[in-house]
Amino acid sequence: MHDFPSDLINLFIVCLELFFVCIDVFRFIKFQKQLPTKKETLRYLGFGLLRVTLFLLAVALASLVLSLIPYFYYWVGRNKELIEAIRPELNSDGPLFIFAASIFLFLFPLSVILAAILVIKKIRIALSLVFPMIAIFGASFLLMITFVFNDFKYYKNPLADTKVSESFKPLNLPLLKEGMAKEEVLNLLGDPIQISKDKNSFYYAEEGGYGEYWYFWLSLDFEGNSLSLINKEWAYED
């Protein structure tokens with residue numbers, strides 16, 4: 001579930017891209033009917049190339065700004081204690097690295113193609129390449145932003161898509177150790193969501209979301225009354 005309407009934002013931007021592409025195509029067809037000279041055609045296509053290129057850059061910048069809004073919202077309101085207890089890697093600057101890498105991956109092919117165009121000086125080829133790039137690179141960038149949007153919520157609540165009992169105490173997980181008695185475990189972590197029939201396995205956390213999400217898995221195995229095995233991991237459901 002997305003706390004921000006990122007899918008709708010991305011759909012709007014993609015539709016806006018296609019709208020401008022259609023406008024440029026119809027303008028060019030209308031312009032060609034006026035039987036322009038070669039010089040006029042090259043000038044028209046040059047301005048068209050510049051206009052489309054600037055629009056591509058604007059799309060990249062707009063997507064970046066829109067994605068930073070929920071990032072800072074969740075970063076400021078993040079549950080530091082819970083993150084440090086069960087998922088300390090969330091304290092890294094991973095999303096910022098993703099932003100930087102995405103900008104590079106988005107702009108690098110564009111700059112290479114535009115550089116090649118300047119060398120060969122073929123404006124017609126330029127437009128034939130730039131128009132498809134709007135769909136290819138723009139859509140890829142927006143899909144990546146959607147993915148990052150979805151992961152922001154875990155800063156505020158790492159267990160957002162994890163099913164646990166109401167009495168579960170995740171902040172005590174670092175204190176959990178093999179050899180503890182069942183009574184100690186229950187006092188430490190609270191009630192599990194399920195206990196095996198032989199009462200030798202306690203299930204504390206499992207997947208509880210829908211769509212694509214991260215969830216925490218925690219199950220404890222006992223030998224007699226002693227905790228013998230702690231099974232815990234983060235898994236991705238797609």
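Points to keep in mind about this one:
- Note on surface exposure: 227, 50 rank 50, 227 by accessible area, highest first, 1.4 Å probe.
- Linear extension gain, residue 188 paired with residue 30, 0.36 nm per residue minus alpha-carbon span: 49.4 nm
- Computed lengthening from residue 234 to residue 40, 0.36 nm per intervening residue step minus Cα-Cα distance: 63.8 nm
- The heavy atoms of residue 162 present about 20 square angstrom of accessible area, all protein chains included, probe 1.4 Å.
- Which listed pairs, of 156/182; 80/199; 163/197; 156/232; 177/197, have C-alpha distances above 27 Å, in listed order: 156/182; 80/199
- Solvent-accessible area per residue, Å², over the stretch 159-238 with all protein chains present [probe radius 1.4 Å]: 57
The values are calculated or read from the model by the stated rules, or taken from the named source; none is laboratory data. Bear in mind the structure is a predicted one, so any value in this text is a computation, not a measurement. All accessible areas refer to the heavy atoms of the entire protein, side chains included, with ligands and DNA or RNA removed. Shrake-Rupley method; radii C 1.70, N 1.55, O 1.52, S 1.80 Å.
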